[in-house]
Amino acid sequence: MAGDKSPHKPDEEAGKRAEGGAGAVGDLDSRRAALNAALAERKADDDGQPNRRTGGGAGFANALRLSSEFVAGVLVGAGIGYLIDRIAGIAPWGMIVFLLLGFVAGVLNVLRSAGLVAAPEDKSGSGRKSDGEQN
C-alpha cells in the first residue's frame, strides 16, 4: 500500500527471521505454544461456570442491591432533613443539608459494597486487637 507508514517492511522482517535474530520463527513458535498451554490451563480451571459477579441474574441482583443502597441513603437523609425542618422551623435548610449528606452517604455505601473503598476501621482507641489479629 502506498499510504502504509509502518517502520518495518515485510522484506526486512523476513530477513531478520532468516538470520536467526530476536524475531526468529522458532522463537515465535515456542511463545505461541506456551500461550496455548496457558490458555488451555485457564479454560480447565474455569469449569464452564459463568463469572459470579457478572453472570446472569447475579449481575442484576448486584445492580439492584447497589441502587437500593444509594436510594436508601438519599431517602434517609431527606427524611431526617424534613424532621429537622418541622421541629426547628428552619424551613429549607435542614432538608438541603441532610439531602446532600444522604447523597454522600449513599455514594459511599455503594462504593463500599462494590469493594472500591475499604470499610471503616475500629477507632475506639481501646488499644485491643481485633479477634483475627495476634501478637
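The values are calculated or read from the model by the stated rules, or taken from the named source; none is laboratory data. This structure is a prediction, so every number in the text was calculated from the model and none was measured. Quick reminder, even Gly has a Cβ in these numbers, built from the backbone with ideal geometry, and neighbours come from all protein chains shown.
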If we scan the range 86-101, do we find a residue that is in contact with a helix residue (DSSP H, G or I) (Cβ under 6 Å, 6 or more places away or on another chain), modelled with pLDDT of 95 or more, assigned to a helix (DSSP H, G or I) and small (Gly, Ala, Ser)? no
Looking at Gly48, is it at positive phi, within 37 Å of the chain's Cα centre (by Cα), surrounded by 10 or more Cβ atoms within 10 Å (Cβ to Cβ) and modelled with pLDDT under 75? no
